[in-house]
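These notes concern the structure reproduced below.
Nothing in this text is a laboratory measurement; each read-out follows from the coordinates by a stated rule. The structure presented is a predicted model; accordingly, all values stated were derived computationally and were not measured. Every residue, glycine as well, gets a Cβ built from its backbone with ideal geometry; the counts of neighbours run over all protein chains shown.
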């Protein structure tokens, strides 16, 4: 089927996410305006920010690195390079709360319950990369310094993060390729898998049942890990930096997006850059399909919760929504 | 601990066996320890350079045959010394300051003895003085004899009796042709790769179906490159200190050829000899060891050539006759033809051809083809010479020639000469003024050597610029690539019984290609782009009916190689960024077979096969009965394929089973914790809701955006 091309951002896409039902697609980009779309027809519902509230413009004032939505699609969290996080009302796009952080916010996500969210900040100068967890129900958390947890990264910047099973842990990926978990009860670092990747961990996405997660890295691979032990289960080799990876909710498939780094792109042909969305078999680690379209690296990929379509967000500023052909659903690697 | 401190501490420790250590292991020797390592074991390389008694002696020469000057003629003695000094300076181009010492021994009465000693600052000057002045006619009565001082010692210490050289023990290398015994005739190839330069790995693979089989892999097998011998028996690897030769099933080292800084090498056609070449080191004015010819079997150094030209010497400057009995080197206005029997010049003199521009050997006969440049009024000349009798078999004069290139058919039956010609010439004034040619055109001169008596020469005129020419290896078809108005076309010429060549077909091509690559078995030919093209194309053509079998786009194409059997074509990718490097196998019909990625691939070469031992009749018989053999081999291929795909299926099954074992345990735990998840979402079972999307009720909301009322009349 012909993909939907979502044109609305005028700079590179940084992260895309579906809501639980999959009818909405949220996108964050290097422009200041996170956007929400209807996934079925690509219609733009609106943006978070870029409007007037009480006469003044509001919203982020820099790159938006991270976006997430609660399970009930009531609230949206965004983290930005302007060193703030913002909590939005999903439907009205009103800012519910916003706070300045010491440095830029690189990742942010709601817990399973939707009552808490974490955000992770960049390291800058002497300021450590921080992981902070806040409760959206607590007024003191939303307006003051209070939080459930605030913990500096052991050594390296937290470059990607996700909630662990049952909101009991947070899994973090670091700029040196390490993976770690933070125990929510103990409020401390628990398991660390040093050298899980050989390069910056760019993205962490869980399987539907939280048993495992896939981490994408600049070391040209994506790897599948056990959510609790952080043991590496599978490795998917891509020859090119991998920026994002997702696990299909219905098939044993992995979706990879990446490509030659943006700064080298002008020197390389589109074909050499490998800007395709690439499909690997979850267990056999074999690549079996590629979907081309972007003319720059793919920065973020997301699978629709029903597994029948997927979206990619690229350095080129476009979001592409692809619906699988019916024969995809019948396709199986023989064994 | 400061890392710098640590390294200096450890360094002093290894040298003195007893430096103290702040923390960590104690490396001190126990008390009373006696070091039993001798100096020459520890630093043999340094001791080798220790000054010896004869050091510096190689810069001393003796000049004999000088006139004897009596003591009373002091002024004449001085004059003699001046003349000799000037003579030396003239021949060695050294300066006065390069003489360290000059000694004229005198008799008791003070008259000179007729010889003198000279010591130079550099041994090179001594060599040059000998080269230039030995045999020099000083005057009517005196001819000089100049020698190295150390040579006197050397020859004086030679034993008078001839001693029989010790018989070297026979070294068993095993069966050097083992790979030809492979039952399924899998061909082998060599890969050199490495992600970082200077850490090259080399591996030999067998081209087995489905997946190649690695036979040997070694880190640092070679310092930069490696070559197979022409019949595939040996593998020569290049190292800083020279060449190493490997062979046999275990790829054991067979021999070594010491040649510092070797950069290039070439085997003779029957691999009896090997030529190693190095660029001239900067510190030498003349490198007399620039090219060395070795005997592969005995490892003996056969001949060394000097090189004083500014250009880098290349292995192709030494040209071999097909039977290895001769090799030729071009010099000014002459070909130096050497015999391998004596390694001296054939008939003791070089073959003079004034104005010689280039020459090549026939691949099967002792014939030399050469061409002579045009000089103002004398036309250019193409010649074909019989080397044994040194007579021209055929020659042809041509006017208005700027350049000629030779293309031999592999069986030596035909030779095409591409002649670049011009219509007008513009000469600038003065002897060194540049010459401009206008109205360039081409023609082919085809020498036909299939007849017994004479050699007919056919002329074929081609108007369009020629990009490449190639003969069918075992036939009479000639492929010519031409370009006109930015359209590349391929033309096929074929020889008739009366030796005339005619154009059979000219096909315009969709893409620009610039190389021709014939299957070693003939009939199939591939036209392809060179490494400089941004997008590579491969055009497969069957010349039996001149049809294009396939037109393949191969993104980065660096090189194309046929396997020795002509069944597969390898397209090799060796990009600069070392990413995506690898090779792709196509069948001779252009069907994709497989692709292998090799990070940092820098070299791919098929192991050559010696020519078949089957007689022509036998080969014909096999071709005739091919239908009888095919079912047998097809069945065998199918079996191998089944086996391979079965292996893949088994591997997948194993992986899947292992993974499912892991998953089932985890999923069980996940399911049993369902209450936990429901509690987290405030008692709402989202999994239940999501599992039955059809039960969701669509709610229609009507939002009144604006109300306009239109009063009815």
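Cβ crowding within 10 Å, taken as a proxy for footprinting-reagent exposure, orders B:92, A:47, B:391 from fewest neighbours to most as B:391, A:47, B:92.
Can you give the log10 of the normalised intensity I(q)/I(0) at q = 0.07, 0.10 Å⁻¹, computed with Debye over equal Cα scatterers of the protein assembly as shown? These q points yield log10 I(q)/I(0) values of -0.92, -1.26. With 22 Å as the cut-off, how large is the P(r) tail for the stretch B:563-646, expressed as percent of Cα-Cα pairs? Roughly 50 percent, rounded to a whole number.
Neighbour counts of other Cβ atoms within 10 Å put B:510, B:177, B:381 in the fewest-to-most order B:510, B:177, B:381. In this calculation the C-beta distance from residue A:2 to residue A:306 is compared with R0 = 22 Å, giving a FRET efficiency of 0.70. Here residue B:628 and residue A:239 are evaluated by their C-beta separation; at R0 = 56 Å the FRET efficiency comes out at 0.75. Our compactness index for the stretch B:619-673, the C-alpha radius of gyration over the empirical 2.2 N^0.38 Å, is 2.32. Using C-alpha pairs below 8 Å separated by at least 6 residues, the relative contact order for chain B is 6 percent. For the peptide A:203-215, the mean number of other protein chain Cβ atoms found within 10 angstrom of a residue's Cβ is 2. Structural descriptor for chain A: relative contact order 13 percent, calculated from alpha carbon pairs under 8 angstrom and at least 6 residues apart.
Dividing the C-alpha radius of gyration of the stretch B:60-149 by 2.2 N^0.38 Å, with N its residue count, gives 1.03. Take every pair of alpha-carbon atoms less than 8 Å apart whose residues are at least six positions apart; their mean separation over the length of the stretch B:88-132 yields a relative contact order of 41 percent. Distance distribution P(r), the stretch B:405-512, all Cα-Cα pairs, bin width 5 angstrom from 0: 2, 11, 20, 20, 15, 12, 8, 6, 4, 1, 0 percent.
Mean per-residue shielding of peptide A:281-290 is 2, counting Cβ atoms of other chains within 10 Å of each Cβ.
How high is the FRET efficiency between residue A:189 and residue A:139 when r is their beta carbon distance and R₀ equals 25 Å, given to the nearest 0.05? That gives a FRET efficiency of 0.30. Over the residues of chain B, the helix contribution to mean residue ellipticity at 222 nm works out to -5500 deg cm²/dmol, using -39500 (n - 2.57) for each DSSP H run of at least 4. Separation of the stretch B:447-481 and the stretch A:23-48, taken as the distance between their Cα centroids, equals 68 angstrom.
Put simply, when A:313-321, A:16-24, B:104-112 are sorted by average Cβ atoms within 10 angstrom per residue, most first, you get A:313-321, A:16-24, B:104-112. Largest GNM mean-square fluctuation among A:27, A:244, A:140, using chain A with Cα springs under 10 Å: A:140.
Rg/Rh for the stretch B:213-369 (Cα atoms only, Rh after Kirkwood) is 0.99.
The spacing between the stretch B:231-291 and the stretch A:195-221, judged by their C-alpha centroids, is 50 Å. The packing ranking of peptides A:196-203, B:81-88, highest mean first, is A:196-203, B:81-88, where packing means the average number of other beta carbon atoms within 10 angstrom of each residue. When the inverse distances between all different Cα atoms of chain B are averaged and flipped, the Kirkwood radius reads 33.5 angstrom.
With contributions of -39500 (n - 2.57) from each DSSP H run of at least four residues, the per-residue ellipticity at 222 nm computed over chain A stands at -500 deg cm²/dmol. Neighbour counts of C-beta atoms inside 10 Å place A:235, B:686 in the sequence A:235, B:686, starting with the fewest. By the Cα gyration tensor, the stretch B:151-263 has an equivalent ellipsoid whose semi-axes, rounded to whole angstrom, run 37, 21, 9 from largest to smallest. Computed across chain A, the Kirkwood radius stands at 19.7 Å (inverse of mean 1/r, all Cα pairs). Counting every alpha-carbon pair across the stretch B:352-454, the share separated by more than 20 Å comes to 42%.
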